[in-house]
Amino acid sequence: EGPQATVSVHGDEASRGLFIDGLTQASDRPATVRVHRTIGHLAMLLHPNPADALIIGLGGGATAGAASRHGARLSIVELNEGVRRAAPWFSHIS
C-alpha cells in the first residue's frame, strides 16, 4: 500500500493479475498479453524509423517488452512505486 494507491498481485499456477485499488491493470493471461504486445508492436511499426519511445504506465510490461524489440530507446514512466515493485512478477511476459 502506498500514498497513491494499493497495488497487489493475485494469482495461481495458471495466471497472475496486477490490481490497483482492486481494479485489474495487467495480467499474464495469453489473450491479455497478446493485446498489450500488439499495442507495443503497432506503435513502433507505424513509424518509419522509431528511435525513441515513451511508455506511460508500466503495468505488467508486455507493451514495453514488445516495443523494445524494435531497437528504439525506451523510456518508461511509472508513477506508482507499488507497480514498479510488482513488475518482477510479470518478467516472463516482458
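The values are calculated or read from the model by the stated rules, or taken from the named source; none is laboratory data. Remember, predicted model here, so these are calculated numbers, not experimental data. Cβ: placed from backbone, ideal geometry, glycine included. Neighbour counts: every protein chain shown. The accessibility values were calculated without ligands, DNA or RNA, using every heavy atom of the protein model including side chains. Shrake-Rupley method; radii C 1.70, N 1.55, O 1.52, S 1.80 Å.
Send over the semi-axes of the chain's equivalent ellipsoid, whole angstrom and largest first, taken as the square roots of 5 times the C-alpha gyration tensor eigenvalues.
Working from the Cα gyration tensor, I get semi-axes of 24, 16, 9 Å.
Give me the 1.4 Å probe accessible area per residue for the chain, excluding ligands and nucleic acids, in Å².
On the way: 6140 Å² over 94 residues.
Result: 65 Å² per residue.
How big is the antiparallel share of DSSP beta bridges in the chain, given as a percent to the nearest 5? Walk me through the numbers on the way to the answer.
Details: 9 of 14 bridges.
Approximately 65 percent, going by the DSSP bridge assignments.
If I fit a long axis through the Cα atoms of helix 30-46 and take the longest principal axis of the Cα atoms of the chain, what angle between them do I get, 0 to 90°, rounded to 10?
30 degrees
Using 0.36 nm times the number of residues separating Arg69 and His41, minus their current alpha carbon distance, what extension gain do you get?
9.2 nm
With charges set only on the Cβ (+1 for Lys and Arg, -1 for Asp and Glu), what does the dipole of the chain come to about its Cα centre, in debye to the nearest 20?
Working: 8 positive and 8 negative charges, 74 e Å.
It comes to approximately 360 debye.
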